[in-house]
């Protein structure tokens, strides 16, 4: 049994990769990586887009292809490579959940090109590219927070005003009251719904300003595309 396994491992390591094979694999990986580059740039906008991360996706594809060319069908070398890579830990913060998909996409293309499965890499990339182009622009509805500060009685009146303007659809997330009888209330809604209700029922800010005892009003829009 041991001799059979040894002969199998030895036979797996006899295959050699020519210079032409490596060049074609890397060229195919580079071409498909360009598609990944275009897809990432097309579906990310604003401060969330990172040119360095996009270039890193191309490099991940090429490096994975190179590693797969070295491993090939060599079982012993592949096991050693898995052991070596298992000690690597990444601490890069992912700003957008879609970035994880792009990383897996780059690795998958590198694996396919490394073993010369260009058809799988190309067809899979085209399907993923079309899917991302169609749904990559989908964004979560931005949250709008209405922050009101003032006396307790004024906050009670402000809550009635918010319910009146926003048709009882706003959710009160925070309600704080200080010892000095001042407090703060935070209501959550969406930007689109706020604009729709204000066209129908009047400006929320103007109605809140008219309440005696209100100290400050802040309307903050929280957009998922804003990242540090």
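The values are calculated or read from the model by the stated rules, or taken from the named source; none is laboratory data. Bear in mind the structure is a predicted one, so any value in this text is a computation, not a measurement. Here Cβ is always computed from backbone atoms with ideal geometry, including for glycine, and neighbour counts include all displayed protein chains.
Quick notes
- Here residue 101 qualifies as at pLDDT 85 or above, closer than 20 Å to residue 131 by Cα and either over 20 Å from the mean Cα position of the chain (by Cα) or surrounded by 13 or more Cβ atoms within 10 Å (Cβ to Cβ) (or both).
- Number of the exception - residue 153 against (1) at pLDDT 85 or above; (2) under 37 Å from the mean Cα position of the chain (by Cα); (3) not in a loop (DSSP other than H, G, I, E, B): (2)
- Residue in region 3-15 that is touching a helix residue (DSSP H, G or I) at 6+ places or on another chain (Cβ under 6 Å), surrounded by 15 or more Cβ atoms within 10 Å (Cβ to Cβ) and modelled with pLDDT of 60 or more present: no
- Residue 127 vs. criteria within 30 Å of residue 99 (Cα to Cα), at pLDDT 90 or above and in a helix (DSSP H, G or I): yes
- Condition met for residue 42 (over 23 Å from residue 124 (Cβ atoms), at pLDDT 70 or above and assigned by TED's automatic domain parsing to the domain that holds residue 127): no
- Among all positions in region 190-197, there is no residue which is surrounded by 19 or more Cβ atoms within 10 Å (Cβ to Cβ), touching a residue at least 40 places away in the same chain (Cβ under 8 Å) and outside any helix (DSSP H, G or I).
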